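Scroll down for the structure; my scribbles are underneath it.
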Amino acid sequence: MKRVYLLIAVAPMVFSCMQAKAAQNLPAEPNSGQTQQEIKVTLPPGIGDKAAPLDGLTWIKGKPVKIEPGKVYLIEFWATWCPPCKEAIPHLSELQVMYTGKAAIIGISTEPVETVKPFVESMGDQMDYHVAADPEGKVIRNYSQAYNMQTIPHGFIVDAQGKIAWYGHPQEGMDMVLAQVVAGTFDPVAFARQKAEAEALNAQLSNWYVQYFEKMQSGESGPEAEQIANSFIEKAHPDALLAFTWNNLIKFKTNENARKIALKAAEKANLLTNGVEPVVLDTYATALFENGKLNEAITAEQKALQLSQMNPRMAEMFKQRLMEFKTQGFKKQ
């Protein structure tokens with residue numbers, strides 16, 4: 001019973017990571033069976049339009065900013081009550097340091113100055129970029145209406161020509177785009193194609209995932225299910241492979257084919273992450289153990305434990321798993 005509990009404990013972390021990767025449009029690889037010509041590429045509305053001015057703002061931190069040719073800007077709309085916005089603040093400060101003299105990072109909140117100012121002051125150096133309040137919504141209206149902005153945080157990157165190069169959620173490629181815009185190498189059409197290809201591939205991966213587990217659930221674990229699994233494993237990114245592995249090990253642990261497929265998926269994930277990601281190593285170790293490869297499982301789990309020391313909760317989980325491998329392996333001998 002103990003082993004089942006530990007498997008379930010890690011599974012939510014894996015699925016959470018998988019969802020996060022999907023939100024970032026990963027993996028950015030062409031979909032098998034679809035050529036680049038077959039994938040429709042459409043630029044989001046407003047890309048290439050002149051950026052709206054930043055007039056009428058009350059500047060809380062940093063000097064007032066005007067959008068001028070020859071400079072790059074990252075404008076993020078946020079709020080003090082928004083957890084993802086607050087989580088992103090230290091990273092935005094890092095970006096400002098990284099691009100000092102090359103790009104200006106600007107945070108704009110539509111909350112009252114009386115709300116924004118004390119929050120910014122409490123953040124200190126953790127919030128080290130230009131911050132402004134837009135309580136009357138003069139600036140945000142120009143962006144939200146023109147670009148159908150419905151959620152925050154929401155970022156806009158303005159290139160050196162004063163035009164909108166990109167907009168969206170910060171996890172939708174913002175860092176990569178900013179680096180390329182600063183370098184003068186950003187190609188919005190190429191980026192749109194990459195995004196379309198990633199979405200197409202993720203849709204195919206999701207389809208294979210569902211097909212495979214539907215067959216397994218109905219007792220069809222033969223060659224057809226294995227073929228679907230192989231297609232998934234060939235194209236999937238590491239987090240999807242981990243979810244695939246755990247689902248096999250948790251739901252179909254008594255099925256030999258499922259255990260073998262789980263090991264194949266975990267092995268591929270470990271290869272793609274160069275054998276240095278503790279969660280991947282732990283998954284790989286568990287798949288090895290469930291396939292009777294005790295010594296290899298212990299070696300992989302020991303490495304996972306070693307690499308997880310900065311995360312005490314994770315390290316404790318992996319320590320328990322390692323002890324279990326050794327105990328169960330001893331009983332089998």
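Laboratory data are not the source of any read-out in this text; all were calculated from the coordinates shown. Please read these numbers as outputs of a predicted model, since none were measured by experiment. Don't worry about glycine lacking a Cβ; one is built from the backbone with ideal geometry, like all the others, and counts go over all protein chains shown.
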With Cα coordinates, the longest principal axis of the chain makes an angle with the long axis of helix 256-272, in degrees rounded to 10, of 40 degrees
Inter-part gap, Cα centre of region 107-174 to Cα centre of region 198-237, in whole angstrom, is 40 Å
Between residue 40 and residue 250, Cβ-based FRET efficiency (R0 41 Å, step 0.05) works out to 0.60
Most packed first (mean Cβ within 10 Å per residue), the peptides 204-216, 91-103 order as 204-216, 91-103
Burial-style ranking of 155-161, 191-197, average other-beta-carbon count within 10 Å with highest first, yields 155-161, 191-197
Taking the alpha-carbon centre of each part, the distance from region 249-321 to region 175-191 in Å is 37 Å
In region 58-186 the DSSP beta bridges are antiparallel at a rate, in percent to nearest 5, of 50 percent
Per the 1/(1 + (r/R0)^6) rule, R0 = 45 Å and r from the Cβ atoms of residue 324 and residue 190, FRET efficiency to 0.05 is 0.40
Subtracting the Cα-Cα distance of residue 113 and residue 81 from 0.36 nm times their residue separation yields 10.1 nm
Row for region 220-283, column shape: gyration tensor on C-alpha, a ≥ b ≥ c, rounded if a/c < 1.5 i.e. under 1.5, prolate if a/b over b/c, else oblate; value oblate
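As a test, work out the antiparallel percent of DSSP beta bridges whose residues both lie in the chain, rounded to the nearest 5.
55 percent
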Plugging the Cβ-Cβ distance of residue 50 and residue 183 into 1/(1 + (r/R0)^6) at R0 = 22 Å yields, to the nearest 0.05, a FRET efficiency of 0.50
Dividing the helical contributions, -39500 (n - 2.57) per DSSP H run of n ≥ 4, by the residues of the chain yields a 222 nm value, nearest 500 deg cm²/dmol, of -19000 deg cm²/dmol
